[in-house]
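First comes the structure, then the notes that go with it.
The values are calculated or read from the model by the stated rules, or taken from the named source; none is laboratory data. Everything quoted here is computed from the prediction, not taken from an experiment. Heads up, the Cβs are rebuilt from the backbone with ideal geometry, glycines too, and the neighbour counts pull from every protein chain shown.
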Amino acid sequence: MPFQRSNEAAIAEYGVNPDKTLSVHNIAIRPNGKSHDIHGYAKILNPPENTKLAVRFSTWFGPFIPVSKEGNYWILYIDKDYRQAIVGTPDYKYLWILSRTQKVSEAELLDLETIARKLGFDLSGLIRDPQP
């Protein structure tokens, strides 16, 4: 994504807004330690499953990012301990592997990549995030 470059570590923070939408705060940390961030919100499209979201960012380009009625951010996998997740777009163009910890073991990452492939994602362009 334009916001997150390949040499930046990423942090995603989520919360619940008073209107029951989700707050989204993405932070990218450059190798020199400087960071930039973006705020937005997400609407849940399929309660009670809560796996399909329409995410909008509060920037000048936010309204130009298309969001279909199916959403643009799908939670595709969450591990049994709720520590790691796989999130992707319904068109299979974008994929994120999320973790509650900064470091993910190589074995865990390989397992998550296997799951993503089984879900139909092409991982040839997957960028492994540097650690902040």
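Of the conditions (1) in contact with a strand residue (DSSP E or B) (Cβ under 7 Å, 6 or more places away or on another chain); (2) in a loop (DSSP other than H, G, I, E, B); (3) loosely packed, with under 13 Cβ neighbours inside 10 Å, SER124 satisfies every one except a single condition; which number is it?
(1)
If you check TYR82, TYR77, which single one turns out to be under 19 Å from LEU98 (Cα atoms), surrounded by fewer than 12 Cβ atoms within 10 Å (Cβ to Cβ) and of a type in the set (Ser, Thr, Tyr)? Walk me through how you get there before you give the answer.
Working: TYR77 fails: surrounded by fewer than 12 Cβ atoms within 10 Å (Cβ to Cβ).
One residue alone meets the criteria, TYR82.
Output yes when any residue across the stretch 36-53 is at pLDDT below 95, of a type outside the set (Asp, Glu) and in contact with an Asp or Glu (Cβ under 7 Å, 6 or more places away or on another chain), and no when none is.
No.
When residues of the stretch 4-35 are filtered for being closer than 22 Å to GLN84 by Cβ and either modelled with pLDDT of 90 or more or in contact with a strand residue (DSSP E or B) (Cβ under 6 Å, 6 or more places away or on another chain) (or both), how many remain? Even if it seems obvious, please write down each step before you answer.
Taking the stretch 4-35 first, the residues closer than 22 Å to GLN84 by Cβ are 4, 6, 8-16, 22-29.
Applying the additional criterion that residues be either modelled with pLDDT of 90 or more or in contact with a strand residue (DSSP E or B) (Cβ under 6 Å, 6 or more places away or on another chain) (or both) yields 4, 8-16, 22-29.
Result for the stretch 4-35: 18.
Please go through the stretch 54-85 and pick out each residue that is aromatic (Phe, Trp, Tyr) and either closer than 22 Å to ASN17 by Cα or at pLDDT below 95 (or both).
Taking the stretch 54-85 and keeping what is aromatic (Phe, Trp, Tyr), we get 57, 60-61, 64, 73-74, 77, 82.
Passing the criteria: PHE57, TRP60, PHE61, PHE64, TYR73, TRP74, TYR82.
Among the residues of the stretch 105-121, how many are at pLDDT 95 or above and not in a helix (DSSP H, G or I)?
So the answer is 2.
Please specify each residue of the stretch 26-55 satisfying the condition of being part of a strand (DSSP E or B), charged (D, E, K, R) and surrounded by fewer than 17 Cβ atoms within 10 Å (Cβ to Cβ). Before you say what the answer is, go through the steps one by one.
Looking only at the stretch 26-55, we keep the residues that are part of a strand (DSSP E or B), and these are 26-29, 35-44, 52-55.
Narrowing further to those that are charged (D, E, K, R): 37, 43, 52.
Across the stretch 26-55, the qualifying residues are ASP37, LYS43.
Among what's in the stretch 87-104 and is in contact with a helix residue (DSSP H, G or I) (Cβ under 9 Å, 6 or more places away or on another chain) and part of a loop (DSSP other than H, G, I, E, B), pick the residue that is nearest to TYR77 (Cα to Cα). Walk me through it before giving the result.
Taking the stretch 87-104 first, the residues in contact with a helix residue (DSSP H, G or I) (Cβ under 9 Å, 6 or more places away or on another chain) are 88, 92, 95, 97, 99, 104.
Add one more test, that the residue is part of a loop (DSSP other than H, G, I, E, B), and what stays is 92, 104.
Numbers: TYR92: 14, VAL104: 16 Å.
Here the answer is TYR92.
Which one is farthest from the chain's Cα centre (by Cα) among residues in the stretch 62-86 that are among the β-branched types (Val, Ile, Thr) and in a strand (DSSP E or B)? Before the answer, list the steps.
As a first pass, look at the stretch 62-86 and keep what is among the β-branched types (Val, Ile, Thr): 65, 67, 75, 78, 86.
Narrowing the set further to residues that are in a strand (DSSP E or B) leaves 75, 78, 86.
On the way: ILE75: 9, ILE78: 12, ILE86: 8 Å.
Once the filter is applied, the top-ranked residue is ILE78.
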